[in-house]
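The values are calculated or read from the model by the stated rules, or taken from the named source; none is laboratory data. These numbers come from a predicted model, not from an experiment. Virtual Cβ from ideal backbone geometry, glycine too; neighbours counted across all protein chains shown.
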Amino acid sequence: MKKLLSIGVISLAALFAGCTAPQQDSLFDNVIGMARSAADLETKTAAAGDVNLTYLERAGDGEVLLLLHGFSANKDNWIRFAAAMDKQYRIIAPDLAGHGDSDKALETDYDLIKQAERLDALMSNLGVEKFHLAGNSMGGAISAIYALNHPGKIQSLTLIDAAGVDGETRSEYYHALDKGANPLIADDEESFEFRMDFTMSQPPLVPWPLRPALYRQTMARIDINKKIFSDMLATKEKLAETNFEQQLAGNTIPTLIMWGDEDRVLDVSAAAAFNKIIPGSQVHIFKGVGHLPMVEIPNESAAVYQQFISTIE
C-alpha cells in the first residue's frame with residue numbers, strides 16, 4: 001500500500017508538472033488527504049480552552065496515544081509513524097495552537113505551559129482520562145510540562161529530540177541563534193531549502209510540484225512563527241525560574257528518550273542529559289537520523305516506541 005501510494009504521488013506530480021500555483025496547492029492537499037486516508041486518520045476539530053484545535057484521529061479499541069509535533073511543524077508529521085503503529089491503538093495527533101489548521105492569531109499566548117493546558121482541555125473534551133504521551137522538539141518540552149502538571153493522566157512519556165534540557169555539546173542551531181539567525185524560520189527560498197536539510201538527515205521525497213506548495217505554506221507562517229518562537233523563549237526563562245530540571249528529577253512516569261545522532265537542532269548529548277535527570281528513563285539513539293525520527297524513519301521509530309509502550313502495565 002505504501003509503495004503504491006508513493007508511486008501514485010510521483011505519477012500525479014509528473015501529470016501536473018505544468019500546473020499553476022492554485023493547482024499545485026490543490027494537488028498538495030489531495031496528496032496529504034490520500035496519505036491520511038491510507039493511515040486511517042480522520043481530521044477533526046474540538047474546543048481546547050481558549051482555542052479550537054484541529055487534530056488527526058485514528059479509531060482504536062486499545063490505549064490512547066497523544067502525539068505532539070514540534071515548532072513550525074504540524075500534525076501531518078505523524079502520518080507515516082501512525083500508519084506503522086498497531087491498529088489497536090487510538091491515535092490523536094493535534095495541530096498545536098498557532099500551527100497547521102488550528103486557531104492562530106498574533107495576539108494569542110503560545111507559552112508552552114499554556115499549550116500544555118490547552119491539550120489537557122482537548123483531552124478532557126474528548127473524554128480521554130489516561131493516555132501515552134509523546135512529543136518531538138517543542139512538542140517534547142510541552143509533553144514534559146504536561147506530565148509534570150498532570151502525572152495521573154500519563155501512562156508513559158516519550159521525548160523525541162525534545163527541547164527543555166540542554167546537553168553538554170552546544171548544537172549548530174544554538175550557534176546560529178547566537179549569530180542572530182534562526183534556521184527554523186524560513187523567509188525565502190534559500191532558507192526554506194536549508195531548513196529541510198538542516199532538520200533532517202533522511203528527508204522524505206517531496207516531488208515537484210508539491211514542493212512549491214509547501215514553500216508557499218511556509219512563507220505564510222513567517223510572522224506567526226516569530227511570535228511563537230518569542231513565546232517559547234519566554235517559557236524557557238519561566239522554566240528556569242521554577243527549577244524545571246529538578247521537577248523532572250521527581251518524575252515517576254515510565255519515560256523513553258529517542259534521538260537522532262545527527263540532530264543539528266538539538267544535539268544528541270541532550271538525550272544523556274534527560275536520561276541523567278529522569279529516574280529509570282530509557283534511551284534509544286537512531287544512527288544516521290536528524291531531528292525528526294518519526295518523519296525520517298517512521299517504521300523504525302514506531303517499532304521502538306511500540307515496543308516501549310507495550311511493556312507499560
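In table form, for the structure just shown:
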read-out	value
Any chance M196 is under 24 Å from L177 (Cβ atoms), buried (at least 18 other Cβ atoms within 10 Å of the Cβ) and within 19 Å of the chain's Cα centre (by Cα)	no
Hits in region 261-292 (condition: part of a helix (DSSP H, G or I) and either small (G, A, S) or touching an Asp or Glu at 6+ places or on another chain (Cβ under 7 Å) (or both))	S269, A270, A271, A272, A273, I277
Tally, over region 106-122, of residues that are in a loop (DSSP other than H, G, I, E, B) and among the acidic types (D, E)	3
Options S310, S301, S269: the member that is surrounded by fewer than 23 Cβ atoms within 10 Å (Cβ to Cβ), small (G, A, S) and under 18 Å from S156 (Cα atoms)	S310
Some residue of region 109-116 being buried (at least 20 other Cβ atoms within 10 Å of the Cβ) and of a type in the set (G, A, S)	yes
The listed residue being farther than 25 Å from N182 by Cα, touching a helix residue (DSSP H, G or I) at 6+ places or on another chain (Cβ under 9 Å) and not small (G, A, S), out of I309, I257	I257
The listed residue being farther than 19 Å from T252 by Cβ and either within 17 Å of the chain's Cα centre (by Cα) or surrounded by fewer than 24 Cβ atoms within 10 Å (Cβ to Cβ) (or both), out of K130, K87	K87
Selected residue (criterion: farthest from L248 (Cα to Cα)) from residues of region 279-289 that are surrounded by fewer than 24 Cβ atoms within 10 Å (Cβ to Cβ) and either in contact (Cβ under 8 Å) with a residue 40 or more places away in the chain or hydrophobic (A, V, I, L, M, F, W, C) (or both)	G288
Candidates A38, A93, filtered to the one that is under 25 Å from G135 (Cβ atoms), at pLDDT 95 or above and buried (at least 17 other Cβ atoms within 10 Å of the Cβ)	A93
Scan of region 61-75 for residues that are crowded, with 21+ Cβ neighbours inside 10 Å and either β-branched (V, I, T) or in a helix (DSSP H, G or I) (or both), ordered by number	K75
Restricting region 58-80 to residues that are closer than 16 Å to G135 by Cα and charged (D, E, K, R), the residue that is nearest to the chain's Cα centre (by Cα)	K75
Selection from region 27-43 of residues that are touching a helix residue (DSSP H, G or I) at 6+ places or on another chain (Cβ under 8 Å) and among the small types (G, A, S)	A35, A38, A39
Test: residue in region 232-249 that is surrounded by fewer than 15 Cβ atoms within 10 Å (Cβ to Cβ), touching a residue at least 24 places away in the same chain (Cβ under 8 Å) and hydroxyl-bearing (S, T, Y)	no
Selection status of G49, surrounded by fewer than 21 Cβ atoms within 10 Å (Cβ to Cβ), farther than 18 Å from M138 by Cα and in contact with an Asp or Glu (Cβ under 7 Å, 6 or more places away or on another chain)	yes
Breaking point among (1) surrounded by 22 or more Cβ atoms within 10 Å (Cβ to Cβ); (2) closer than 20 Å to I253 by Cα, for N149	(1)
